[in-house]
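The values are calculated or read from the model by the stated rules, or taken from the named source; none is laboratory data. A quick note: this is a predicted structure, and the numbers were derived from the prediction, not measured. Here the Cβ positions follow ideal geometry from the backbone for every residue, glycine too, while neighbour counts run over all protein chains shown. Side chains are part of the model used for accessible areas, which takes the heavy atoms of the whole protein and leaves out ligands, DNA and RNA. Shrake-Rupley method; radii C 1.70, N 1.55, O 1.52, S 1.80 Å.
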Amino acid sequence: MKKKILRSLILLVAYSQISYSQDSAENKQLLVWFDTTVKQQNLNINKGFKYTEKYRTFNNSNHFLNDTFTSGDIIYNNQTYYNVSCNYDILDDNLIVRIKSSTENYSLILDKSKVSGFRINNKEFIKINTTFYELRNNLNGKKLLKKQQVKKKELVRNKRTYYNFEKLEDYFIADKKVILSLAKKKNWYASFPNQEKMIDFYFKNKKSPNFFSESLFSNLSKQ
């Protein structure tokens, strides 16, 4: 608790001494300095359950966003933590952080109720209700979301069970807190009334799912 209060005081001092144009970069530098000095294992963000891999994988497949832990930024309990070693568990929709100390290294599943968003590899994830989505675009009050998913397939080799994970992506739109799948044309109609001609044209000439959804959303939002 004391470390959390001290971290908040650092921000208050920064706000009182730094100009508006410098605010974001300077605050980040101060917080990175504080977190490095205190050591990651002592920060308030490190609350959760130890992560243990449950699956023996096949052909090096995995159920994470990245193959290894990557430096990312996390908004946890209304505070931003920078350069945290983390990875996103797509299968269970959890954010996992790597804790390094002088005595041991281990991984923690963060308390999801306190994680409001995170950024990994320049990809921004936000939590809506209790689910993480990648935010791809945000125009005129509508959000284009990409949902990372995996299919789990069980394999038996030499009387041992392995798992293979196939990564998939689906697109959704968040409009006034209502989330609709963009695989269905009627949901495009519902979100963009009176623009049926453009929607029909895109569906008729649909090729790449990723380019299709992002291009159509961008063009519809400009109308």
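Some observations on this one:
- Test for GLU214: is it touching a strand residue (DSSP E or B) at 6+ places or on another chain (Cβ under 7 Å) and either in contact (Cβ under 8 Å) with a residue 12 or more places away in the chain or surrounded by 12 or more Cβ atoms within 10 Å (Cβ to Cβ) (or both): yes
- Filtered residues of the range 91-117 (kept if under 12 Å from the mean Cα position of the chain (by Cα) and open to solvent by less than 10 Å² (accessible area, probe 1.4 Å)): LEU95, ILE96, VAL115, GLY117
- Taking (1) buried (at least 19 other Cβ atoms within 10 Å of the Cβ); (2) within 28 Å of LYS176 (Cβ to Cβ) in turn, THR130 satisfies each apart from (1).
- Of all residues in the range 138-151, those that are modelled with pLDDT under 90 have Cβ atoms under 6 Å from Cβ atoms of residues that are of a type outside the set (A, V, I, L, M), 6 or more apart or on another chain, in LEU139/SER221; ASN140/SER221.
- Filtered residue count, the range 143-184, keeping only those that are crowded, with 17+ Cβ neighbours inside 10 Å and among the charged types (D, E, K, R): 3
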